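Worksheet for the structure shown next.
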Amino acid sequence: DGRLTFLPGNQTVDLPSINFMKRHGTVFINAYTNSPICCPSRAAMWSGLFTHITESWNNFKGLDPDYVTWMDLMEKHGYHTQKFGKLDFTSGHHSALFNVAPATMHSKKQREWMAANPPGKVGAYEGLVADGKFWHMRGQHCCWLLPPALARFHWCWCWCLLICWCAGEGSRGSWSLDTDVNYEAIKIPKWSSLSEMHPVDYYSSYTKNCTGEFTKEEVRNIRAFYYAMCAETDAMLGEIISALQDTGLLGKTIVIFTADHGELAMEHRQFYKMSMYEGSSHIPLLVMGPGLREQHQIPNVVSLVDIYPTMLDIARIPVPQNLSGYSLIPLLREKAESEASPRGPRPSWVLSEFHGCNVNSSVYMLRTGKWKYITYSDGSSVLPQLFDLTADPDELTNLAIKFPGTVHSLDKILRSIVNYPKVSSSVHEYNKQQFIIWKQSLGQNYSSVIANLRWHQDWLKDQKKYENAIDKWL
């Protein structure tokens with residue numbers, strides 16, 4: 001959740017590496033993902049294009065291989081680039097790991113590997129953490145920074161995208177609930193009653209299994225573990241900064257810290273991502289390096305598609321004119337006001353969209369000024385949402401009915417960016433065709449397979465009813 005990196009009221013978790021970057025660099029206080037889910041958001045960052053342009057609809061439909069990433073362009077211009085960890089921006093990679101990891105996370109072979117590669121072992125992947133979803137390879141990203149690998153480069157760029165989930169028993173994370181998280185400072189978010197919830201919120205809470213009763217202690221514990229994992233991420237960032245300091249490279253290195261999306265920690269009766277609420281869509285974005293502003297906060301709305309032109313700007317490589325994003329360098333330099341982009345001024349809005357599961361509808365979010373406008377599907381079959389983030393930072397009061405003029409104005413801007421009813425229809429057709437292909441590949445077994453999918457344990461309670469509903473949909 002990007003708000004943890006700048007809100008003065010964040011007394012819940014100690015983030016010393018983030019604070020170091022704030023002292024020596026710039027923090028963007030209104031940075032957003034272009035899609036609050038892994039593959040589509042990373043596809044946007046690597047391509048510099050909005051989701052509806054790349055058609056990276058979900059974690060099974062990422063960026064097509066023929067797209068030119070900014071790393072491709074940097075390599076073409078003679079830069080040595082390196083990637084570590086779980087990139088997840090091309091088609092299908094995320095889903096393969098998603099399916100494999102739960103079955104192998106507690107394997108005997110993995111436990112033997114971890115025992116043979118303790119933290120600190122030179123050249124080892126330090127702390128291969130399995131949590132049923134992600135494996136993290138630590139240490140290698142710091143080893144890459146050691147001489148002579150970078151001795152010949154004037155500019156070094158280090159991008160840190162580290163996703164940390166609760167590692168569970170047997171993990172060796174560096175965080176501690178006792179030392180990193182101020183348990184008493186954790187606030188319990190307000191919830192609307194189930195009957196008052198927006199229909200999409202209700203559906204999301206239901207599919208995330210959050211409609212049951214939770215005590216305040218349970219909610220606080222969930223949030224405490226999330227904050228502890230943020231502390232673990234901060235520690236990983238610290239490893240990179242320390243490696244740069246030890247090699248004398250920190251003073252001539254640009255470091256960018258960001259994430260593919262945020263994470264709801266029981267706000268709006270939800271956990272996880274896949275939502276346009278701030279906890280899920282608001283991302284961290286901090287930049288430090290030579291010639292860039294220090295101890296500075298930038299209020300402009302920005303998003304992950306801006307990383308592409310920014311990287312090319314840093315590398316002095318011509319920026320393609322068809323990108324959705326704009327370079328952040330003019331905002332980061334001392335004389336930013338006097339510099340103009342060849343494409344004209346940066347727009348005053350950012351766009352995020354989501355076409356995956358847990359909402360049962362394509363979702364579009366426009367953030368501009370104090371307003372956040374969220375609309376669904378074709379723009380008429382589901383009520384939109386409008387939040388005044390200045391007066392209502394927790395997004396508890398939907399003002400869409402109260403301010404129809406504002407809704408109309410923001411919807412007009414959104415439709416000038418994307419014909420979202422048409423996109424929603426295309427996604428719906430894509431989903432239907434993909435389901436038909438999948439169903440045909442399983443033959444008569446498809447119903448029993450559905451009965452064992454995640455979050456669908458109720459299937460067998462009325463199997464025939466649900467099969468008939470699918471047949472009707474198809």
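The values are calculated or read from the model by the stated rules, or taken from the named source; none is laboratory data. In this text the structure is predicted, and so the values were computed from the model without any measurement. Here the Cβ is made from the backbone with ideal geometry for all residues, glycine too, and neighbour counts use every protein chain on show. Note: areas computed on protein heavy atoms with side chains; ligands, DNA, RNA excluded. Shrake-Rupley method; radii C 1.70, N 1.55, O 1.52, S 1.80 Å.
Where in the range 180-202 does the label zone of N360 land, with the point 7 angstrom along Cα→C-beta and an amide N cut-off under 11 Å?
199-202
For an R0 of 25 angstrom, estimate the FRET efficiency from the Cβ-Cβ distance between S448 and K422 and round to the nearest 0.05.
On the way: r = 36 Å, r/R0 = 1.46.
After rounding, the FRET efficiency stands at 0.10.
Top to bottom by accessible area (1.4 Å), largest first, where do K208, K439 land? Can you show the working numbers first?
On the way: K208 5, K439 50 Å².
Greatest to least solvent exposure: K439, K208.
Given a cut-off of under 8 Å on Cα pairs at least six residues apart, what relative contact order in percent is computed for the range 275-388?
Working: 135 pairs, mean separation 20.5, N = 114.
In percent, rounded to a whole number, it is 18.
Could you state the number of Å between the C-alpha centres of the range 48-90 and the range 228-273?
One Cα centre to the other: 21 Å.
So for the pair Y183, K461, with labels modelled 7 Å out along Cα→Cβ, what separation do we get in nm?
3.5 nm
In nm, give the distance between the simple-model label positions of D392 and D246, each being 7 Å from the Cα along the Cα-to-Cβ direction.
Taking the simple label geometry, D392 and D246 are separated by 5.0 nm.
Got a sec? What order do M266, M197 fall in by accessible area at 1.4 Å, biggest, i.e. largest, first?
The ranking, largest first, comes out as M197, M266.
Can you tell me how the range 334-474 classifies by the Cα gyration tensor, rounded, prolate or oblate, using a/c under 1.5 as the rounded cut?
Numbers: a/c = 2.72, a/b = 2.08, b/c = 1.31.
Verdict is prolate for the range 334-474.
At 7 Å along the Cα-to-beta-carbon direction for both E213 and S380, put a label point, then send me their distance in nm to one decimal.
The two pseudo-label positions are separated by 4.4 nm.
Going by a ≥ b ≥ c, the root eigenvalues of the Cα gyration tensor, does the range 1-83 fall in the rounded group (a/c under 1.5), the prolate group (a/b larger than b/c) or the oblate group? Don't skip to the answer; put the middle values down first.
Details: a/c = 2.99, a/b = 1.58, b/c = 1.89.
Note, shape of the range 1-83 comes out oblate.
Going through the cross-link list K273/K370; K22/K83; K22/K187; K83/K412; K83/K208; K432/K464, which pairs have a Cα-Cα distance over 28 Å in this structure? Walk me through the numbers on the way to the answer.
Working: K273/K370 22 Å; K22/K83 25 Å; K22/K187 24 Å; K83/K412 40 Å; K83/K208 32 Å; K432/K464 20 Å.
From K273/K370; K22/K83; K22/K187; K83/K412; K83/K208; K432/K464, over 28 Å: K83/K412; K83/K208.
Quick one: length gained pulling S192 to I413 fully straight, 0.36 nm per residue minus the C-alpha distance? Before the final figure, lay out each step's value.
Working: separation 221, 0.36 × 221 = 79.56 nm, distance 2.98 nm.
Taking S192 through I413 to full extension adds about 76.6 nm, to one decimal.
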